[in-house]
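Engineer: Dumping the structure here so I can ask a few things about it.
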Amino acid sequence: EPNVPRETVSWYEATAFCRWLDVQFRTAELLPAGWRVSLPTEVQWERAARGTDGREYPWEGNFRSGLANINETRANDGPCNLGRTSPVGVYPDGKAPSGTLDMVGNVVEWCRNESERPRRVASKGDCLRAMRSSSWIHFSFHCWVTIRRGDHPAIRGRYLGFRVSCSPPDRGSL
């Protein structure tokens with residue numbers, strides 16, 4: 001299925017894909033000078049999901065049924081439970097202020113930084129890595145954009161995937 005998130009992927013594999021994609025973009029001269037393709041940091045991820053107005057969900061207001069691919073039946077939050085990933089864009093009313101889709105639901109997403117030391121973004125080592133979002137197995141409590149997790153970078157799960165970020169040069173902060 002070409003339009004569903006890639007899942008069951010480790011942090012190492014997601015990072016390797018981003019490196020490969022970065023080279024492809026550079027070779028095709030599709031990136032402005034100094035820009036790079038990578039996993040987003042938690043700060044980048046949260047900004048895209050939450051915007052600047054302090055939202056708890058990517059959409060305005062409280063939890064609303066039908067705005068994300070989660071298991072609403074698990075906590076009696078609604079009737080929806082697909083029981084698997086869904087194509088990107090199936091939940092357009094749940095989009096974030098940045099216009100990004102599926103910032104909650106579908107898959108939990110790897111971030112570039114370490115979980116226990118968020119300012120560390122080295123692309124090697126076996127420190128726990130940060131993960132953001134919720135997946136199709138989670139219920140509404142796990143849909144807050146501030147929920148964070150961390151796990152070993154080799155772990156895989158059918159609920160675990162990644163998002164690609166294209167960003168300008170670092171300016172001394174995340």
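Engineer: If you average the sequence gap of Cα pairs under 8 Å that are 6 or more apart and divide by the length of segment 45-161, what percent do you get for the contact order? Intermediate values should be presented prior to the final figure.
Structural biologist: Values: 258 pairs, mean separation 32.3, N = 117.
Once normalised by length, the contact order is 28 percent.
Engineer: Which ³J(HN,Hα) values in Hz, rounded to whole numbers, follow from the phi angles of segment 24-41 under the Karplus curve 6.51 cos²θ - 1.76 cosθ + 1.60, where θ = phi - 60° and Gly and Pro get x?
Structural biologist: Each residue's phi maps through the Karplus curve to give 4, 5, 5, 4, 7, 6, 9, 10, x, 3, x, 6, 8, 9, 7, 5, x, 6 Hz.
Engineer: Among LEU39, GLY61, ALA49, which residue has its Cα positioned farthest towards the positive end of the charge dipole of segment 23-77, with +1 placed on the Cβ of Lys and Arg, -1 on the Cβ of Asp and Glu, and the dipole taken about the Cα centre?
Structural biologist: Selected residue: LEU39.
Engineer: Counting GluC sites (Glu not before Pro) as exposed when in a DSSP loop with at most 16 other beta carbons within 10 Å, what is the longest stretch of the chain free of them?
Structural biologist: Details: sites that count: GLU29, GLU56, GLU60, GLU116.
Counting only loop sites that pass the neighbour cut-off, the longest clear stretch is 117-174.
Engineer: Over all directions, average the projected area of the Cα convex hull of the chain and note it in nm².
Structural biologist: Numbers: hull surface 40.4 nm².
One quarter of the hull surface, i.e. the mean projection, equals 10.1 nm².
Engineer: If you place +1 on the Cβ of every Lys and Arg, -1 on the Cβ of every Asp and Glu, and leave all else neutral, what size is the dipole of segment 77-133 about its Cα centre, to the nearest 20 Debye?
Structural biologist: Working: 9 positive and 7 negative charges, 71 e Å.
Using only the charged Cβ atoms, the result is roughly 340 debye.
Engineer: Next question, about the same structure. Over the chain, with a Gaussian network built from C-alpha contacts below 10 Å, which listed residue (GLY89, GLY34, GLY161) shows the highest mean-square fluctuation?
Structural biologist: Maximum fluctuation in the GNM of the chain, among the listed residues, is at GLY34.
Engineer: Provide the net charge surrounding LEU101, with neighbours chosen by a C-beta distance below 11 Å and charges set as Lys +1, Arg +1, Asp -1, Glu -1.
Structural biologist: Working: positive: LYS95, ARG163; negative: ASP93, ASP102.
Every neighbour counted, the sum reads 0.
Engineer: Sticking with the crude label model, points 7 Å out along Cα→Cβ, report the distance from SER123 to THR52 in nm, one decimal please.
Structural biologist: Result for the modelled spin labels: 3.0 nm.
Engineer: Please report the net charge: other residues with Cβ closer than 11 Å to the Cβ of CYS18, K and R +1, D and E -1.
Structural biologist: Working: positive: ARG19, ARG36, ARG112, ARG163; negative: GLU13, ASP22.
Summing Lys/Arg as +1 and Asp/Glu as -1 gives +2.
Engineer: Here's something else I'd like to know. Which value at 222 nm does the chain reach when only helices count, each DSSP H run of 4 or more adding -39,500 (n - 2.57), with the total divided by all residues and rounded to the nearest 500 deg cm²/dmol?
Structural biologist: Taken over the chain, the calculation gives -4500 deg cm²/dmol.
Engineer: Per residue of segment 80-89, in order, report the coupling 6.51 cos²θ - 1.76 cosθ + 1.60 (Karplus, θ = phi - 60°) as ³J(HN,Hα) in whole Hz, putting x for Gly and Pro.
Structural biologist: 7, 6, 6, x, 5, 5, 10, x, 4, x
Engineer: Next question, about the same structure. Using a Förster radius of 25 Å, what is the FRET efficiency between SER167 and PHE141 based on their Cβ-Cβ separation? Nearest 0.05, please.
Structural biologist: Numbers: r = 30 Å, r/R0 = 1.21.
Result of the calculation: an efficiency of 0.25.
Engineer: Continuing with the same structure: To the nearest 20 Debye, how big is the dipole of the chain about its Cα centre, given +1 on the beta carbon of each Lys and Arg and -1 on that of each Asp and Glu?
Structural biologist: Details: 24 positive and 20 negative charges, 85 e Å.
Dipole of the chain, to the nearest 20 debye: 400 debye.
Engineer: Continuing with this model, one more query. What does the net charge come to around ALA130 if you take all other residues with beta carbon closer than 15 Å to its beta carbon, with K and R at +1 and D and E at -1? Spell out each step's value before the answer.
Structural biologist: Details: positive: ARG47, ARG112, ARG117, ARG119, ARG120, ARG129, ARG132, ARG148, ARG149, ARG163; negative: GLU42, GLU46, GLU109, GLU114, GLU116, ASP126, ASP151.
So the surrounding residues net to +3.
Engineer: Could you tell me what percent of the accessible area of the chain is made up of carbon and sulfur, with a 1.4 Å probe and every protein chain present?
Structural biologist: On the way: 4780 of 9120 Å².
That fraction is 52 percent.
Engineer: Additional query: Give, as ranges by residue number, the residues of segment 112-137 whose backbone N falls under 13 Å from the point 7 Å along Cα→Cβ of CYS80.
Structural biologist: 135-137
The values are calculated or read from the model by the stated rules, or taken from the named source; none is laboratory data. Here the structure is a predicted model, which means the values were calculated and not measured. Using ideal geometry, Cβ is built from the backbone for each residue, glycine included, and neighbour counts are taken over all protein chains shown. The protein model used for the area step is the full one, side chains on, heavy atoms only, and it has no ligands, DNA or RNA in it. Shrake-Rupley method; radii C 1.70, N 1.55, O 1.52, S 1.80 Å.
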